[in-house]
1. Whole number in Å², please: accessible area per residue of segment 1-151, 1.4 Å probe, ligands, DNA and RNA not counted.
2. State to the nearest 20 debye the size of the charge dipole of segment 226-303 about its Cα centre, where the only charges are +1 on K and R beta carbons and -1 on D and E beta carbons.
3. In whole percent, what relative contact order does segment 130-270 give with Cα contacts below 8 Å and a gap of six or more residues?
4. Taking H placed 1.01 Å from N in the peptide plane, check which residues at least 5 places from residue 154 or on another chain put their amide H under 5 Å from its amide H.
5. Which FRET efficiency value, to the nearest 0.05, do you get for residue 30 and residue 436 by plugging their Cβ-Cβ distance into 1/(1 + (r/R0)^6) with R0 = 51 Å?
6. Restricting everything to alpha-carbon atoms, can you work out Rg to Rh for segment 212-305 with a Kirkwood hydrodynamic radius?
7. Note the per residue figure in Å³ for the convex hull of the C-alpha positions in segment 54-103.
8. May I ask you to give the percent of accessible area on segment 9-67 that is carbon plus sulfur, with a probe radius of 1.4 Å?
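The values are calculated or read from the model by the stated rules, or taken from the named source; none is laboratory data. Just so it is clear, the structure is predicted and the values come from calculations on it, not from any experiment. Glycine gets a Cβ as well: all are built from the backbone with ideal geometry, and neighbour counts include every protein chain shown. These accessible areas exclude ligands, DNA and RNA; they are computed on the full protein's heavy atoms, side chains included. Shrake-Rupley method; radii C 1.70, N 1.55, O 1.52, S 1.80 Å.
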Amino acid sequence: MTARKLTYPQAQYFSSLMEDYLEQKEELRNLYHRFPNLENFEAQIKEKQAEFNLATNKRTVLTDVLLKQYHGLDNAQESIVNIELLRSDNTFTITTGHQLNLFTGPLYFLYKIVSVINLCKQLKAKYPTFDFVPVYWMATEDHDFEEIQYFKFQGKKLVWDREAAGGVGRLSNDGLDKVLHTLQSQLGTSDHAQEISQLFKKAYLESDNLAVATRFLAHQLFGNDGLVIVDGDDADLKSLVIPQFEEELLQQMSFHKVNETIEKWPSNYKVQVTPREINLFYLKDNLRERIFFEDAIYKVIDTDISFTKDEILTELHQHPERFSPNVIMRPLYQEAILPNLCYIGGGGEMAYWLELKAYFDSQNITFPMLLMRNSALLMSQKQLEKTEKLGLELQDLFLKDYQLDEKLTRQLSNIEIDFSSQKEHLSKQFKELYQIAQQTDQSFYGAVAAQERKQIKGLEYLEKRLLKAQKRKLKDFLDRALIIQRELFPNSSLQERQENFSSFYLEYGSQLITVIKQNLDPLDLRFTVIVFGD
């Protein structure tokens, strides 16, 4: 097993906003608090510690809730130890979040979790007098079922076909026996296939709802690392943020502060999310709908539910669990209840977090360091050998298919396909004609310019024809290169965004996660290619 590294620009799949953030470009500096390097954590620890010292009950409530959520989960000793550590003023969290995708969804779920686990280990080595707990925040209140109802096994989409409404964490697991049956028909009968089948069965067919199933699944994969899994759909946890939710209902502070940031947003970057006037949903079983204010009444969209000002404040204080933050307010909820130092997420997540600093400042909540999760490509030794035999660099595989096709054709052709020298020679000839044209009338000058454009265009046409002819001649060779690329980049996308971990677990078993943990360094801001030996 070996690992190779590429810069994110070489990988070509990441936004300019993220590339510039990783390079700490000055135009982004006011959008974050501290950049995530080991030295900066010292100040972050002191600031978060001071914030939590002002709210003495937060650690107690958090710990008690987590112990309840872990009740009945077998072999959870390492996680329970970490939960108890959260009572201490010297314990902090490193957090990632993710939807409740079926069977973890895309492969990058593993990379997120490994990133928080490995960063906690690095911080403990750097700051031994403190403890650091890896946290996975389950997005149990999301209601976008279509985004989570499937996963891809070896390119085939396995779908949980059912109707759904409300927060997905509360959904029963009815119908997942059919998904298991389909998965088993594709797995085969190897030992690793049996492990995958049993993991799915125990997680989904022996759990009451999707939240419990997802906790079991993540715990089975990472419980030995002390991962702590948080379900924010909880009345006691939300009681800690009643003041922030109340301010949201009455003053819409998130709307104003995020819009202030958007007004100053650098024009060369896309704005990821736009705030609502009220960034809270109303949540009950089978219901999660947006709250809005109209004609002095608070209403829940697409329902008959409504409240006066006094009624909605009473509802909030009596039932805080019925108020669910959206993408703008969820980060604040998370950071208000966790002694968190750093949030690790993908490029899209980082983009919307960068909109939130002014809002956090207005709430006196420490803005966390923002660290882009590790990204990786898994390939076999055989695939690497084929790549090298074709004369390709690893970064060539990240090109678009037509770019790879053209690059290889030019590289392998025994004929010079680049007509740049001919175009340059032509330009020199026309330079002399322009000098003559300047001594006569304007119509002749225009004729020279038109003739130059025509001949340059003719050379470009011949160049394309030659390239096309050479592609036909080299077709077999080019096809082999494109086959490797398609294996590693399904649907012309990053492997980590398409395939489920089970596609690779079938081949490598538990070694898959061990190798990933060994090769991903969260503070190494480069793309990792992991090569598995035969």
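1. Ligands and nucleic acids excluded, the result is 41 Å² per residue.
2. The dipole magnitude comes to about 360 debye.
3. 28 percent
4. Residues meeting the criterion, in which the H sits 1.01 Å from N, are 500, 503.
5. 0.35
6. Computed over Cα atoms, the ratio is 1.08.
7. Once divided by residue count, the hull of segment 54-103 is 115 Å³.
8. Carbon-and-sulfur percentage of accessible area, whole number: 48.
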